[in-house]
1. State all residues of region 118-150 that are touching a Phe, Trp or Tyr at 6+ places or on another chain (Cβ under 9 Å), surrounded by 23 or more Cβ atoms within 10 Å (Cβ to Cβ) and aliphatic (A, V, I, L, M); if no residue qualifies, say none.
2. Of all residues being more than 19 Å from Asn135 (Cα to Cα) and not aromatic (Phe, Trp, Tyr) in region 200-234, which is modelled with the highest pLDDT? Just the residue, please.
3. Do we find a residue being β-branched (Val, Ile, Thr), over 15 Å from the mean Cα position of the chain (by Cα) and within 24 Å of Gln120 (Cα to Cα) anywhere in region 33-56?
4. Could you tell me which of the residues Leu224, Leu261 is more than 13 Å from Tyr175 (Cβ to Cβ), open to solvent by 80 Å² or more (accessible area, probe 1.4 Å) and of a type in the set (A, V, I, L, M)?
5. If Ile87 satisfies all but one of (1) open to solvent by 10 Å² or more (accessible area, probe 1.4 Å); (2) at negative phi, what's the number of the condition it fails?
6. Just to be sure I understand, how many residues within region 104-116 are in contact (Cβ under 8 Å) with a residue 60 or more places away in the chain and more than 11 Å from the chain's Cα centre (by Cα)?
7. Of everything in region 1-19 that's open to solvent by less than 10 Å² (accessible area, probe 1.4 Å) and part of a loop (DSSP other than H, G, I, E, B), which residue is farthest from Arg42 (Cα to Cα)?
8. Before we move on, is Asn79 within 15 Å of Val5 (Cβ to Cβ), open to solvent by 60 Å² or more (accessible area, probe 1.4 Å) and touching a strand residue (DSSP E or B) at 6+ places or on another chain (Cβ under 9 Å)?
Amino acid sequence: MNKEVILITGATDGIGFELARKLSDSSKKILLHGRNMEKCERAIEKIKLSTGNDNLIPLPFDLGSIDEIHKGVTEIAKNHTDLKVIINNAGIFTKKYDVTKDNIEKMFMVNHFSQFILIQEVLKIEELDLKRIVNTGSLAHLHVKFDKSHIVDSANFNPYKVYGASKLYCLMHAYLLSEKLRNRGIDVNCYDPEFINTKLSREGWEVPPNGSLEYAINTVVSILNNNFETGKYISNEKVIDGSKCSSNVDCMQELWNYDCLLYERKINERK
């Protein structure tokens with residue numbers, strides 16, 4: 001029997017690591033993504049020691065680099081065309097304004113734009129029969145409006161607004177993809193893991209986390225078990241509403257156009 005192949009980004013610690021541990025049973029093969037091979041191999045070894053499961057394959061590439069994302073997609077096209085599920089889990093929080101080598105604000109790049117690029121490129125692989133995409137949102141998106149100046153205004157950089165905006169874009173991206181991919185039979189959802197104790201929450205917030213890692217993991221498992229329709233935003237195994245602007249058609253189209261034009265410009269800069 002063929003194993004269901006699942007790519008989990010940002011799976012070397014936090015929620016992604018626990019998802020990889022939970023899902024690495026005999027019926028699944030996990031492509032465990034991390035920024036480099038050392039991090040991937042260390043995470044895989046920990047999971048093997050605690051579960052005995054060895055259905056994990058390292059997939060190292062840096063989501064902060066367009067070239068590295070292309071490298072990861074090339075590896076998928078070469079060796080993992082049986083990929084069925086992508087869980088866009090990776091996310092960062094930085095208190096200081098910083099840009100990637102592609103001159104893109106770092107939180108926007110890793111938390112959202114890398115996902116846009118990854119999905120766009122993976123969908124070009126003809127041999128692939130992708131079935132599901134899961135984005136990771138946050139209630140932080142409720143505290144921002146759709147305003148792209150958050151990601152380009154270095155002089156007035158507010159890390160909490162930029163983080164919230166990046167998570168708003170994750171949700172909008174999921175809503176958009178669910179419609180664009182409906183006729184291809186690819187389900188797309190976004191889930192909110194709530195405020196749980198992870199490296200990201202410890203680095204960004206002084207308020208003690210009050211969410212449950214178990215609930216977050218169970219929510220993703222429930223999504224993978226087809227318990228929700230495509231295009232739904234989910235938390236604690238229940239459908240929830242995003243902000244009004246997250247489902248605003250004009251805002252979603254503006255985001256899509258922005259992502260497409262930015263990606264095209266960055267590709268042209270390489271020529």
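The values are calculated or read from the model by the stated rules, or taken from the named source; none is laboratory data. Just so you know, these numbers come straight off a predicted model, no measurement behind them. Neighbour counts run over all protein chains shown; Cβ positions are idealised from the backbone, glycine included. Keep in mind that these areas ignore ligands, DNA and RNA; they rest on the heavy atoms of the full protein, side chains included. Shrake-Rupley method; radii C 1.70, N 1.55, O 1.52, S 1.80 Å.
1. Val134
2. By that ranking, first place goes to Glu203.
3. Within region 33-56 (the criterion being β-branched (Val, Ile, Thr), over 15 Å from the mean Cα position of the chain (by Cα) and within 24 Å of Gln120 (Cα to Cα)), the answer is no, since none of the residues qualifies.
4. Result: Leu261 is the single residue among Leu224, Leu261 that is more than 13 Å from Tyr175 (Cβ to Cβ), open to solvent by 80 Å² or more (accessible area, probe 1.4 Å) and of a type in the set (A, V, I, L, M).
5. Looking at each condition in turn, Ile87 falls short on (1).
6. 2
7. Thr9
8. Against the criterion (within 15 Å of Val5 (Cβ to Cβ), open to solvent by 60 Å² or more (accessible area, probe 1.4 Å) and touching a strand residue (DSSP E or B) at 6+ places or on another chain (Cβ under 9 Å)), Asn79 qualifies.
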